[in-house]
């Protein structure tokens, strides 16, 4: 049996019909880009990107986001729990439009004096990044930089 180097494995499965044609076309397209076989990560990413995303902007009301201004830290933390419930209801697949106000609240939350609130919002920010996908990059300077600077202060 011949030894293959890293990334040189050839699949032993033979495809027939339309599947063989699409695999050959994908292989030619990948070789034209100069890439090798990466185990199908691109296919999974394409599949996830093609799944529908929900618009949650109507659920993020001013009253809901206004909870962050409350004096009691439990109410401020409750806001993150409610946004997590909205994300769960949307199947953790949301559209990036309409969450600008939420991201403003997230930016302010990184400076909260209560560490339990900050911890909850850091976890929520991670869930939002996963739910939005690649378009979260437009909020990178707004939320992720303050999060990292806030974490480095402590």
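Brief remarks follow.
- Counting every other Cβ atom within 10 Å of each residue's Cβ, 107, 88 order from fewest to most as 88, 107.
- Calculated FRET efficiency for the pair residue 88/residue 43, C-beta based, R₀ 35 Å, to 0.05: 0.85
- Sequence of 76, 93 once ranked by neighbouring C-beta atoms within 10 Å, starting from the fewest: 93, 76
- Length available on full extension from residue 100 to residue 73: 0.36 nm per residue minus the Cα-Cα distance, which gives 7.4 nm.
- Counting every other Cβ atom within 10 Å of each residue's Cβ, 139, 144 order from fewest to most as 144, 139.
No lab work stands behind these numbers, since they all come straight from the coordinates. On a predicted model such as this, the values are computed, not experimentally measured, just so you know. In this analysis, Cβ positions are derived from the backbone assuming ideal geometry, glycine residues included, and neighbour counts consider all displayed protein chains.
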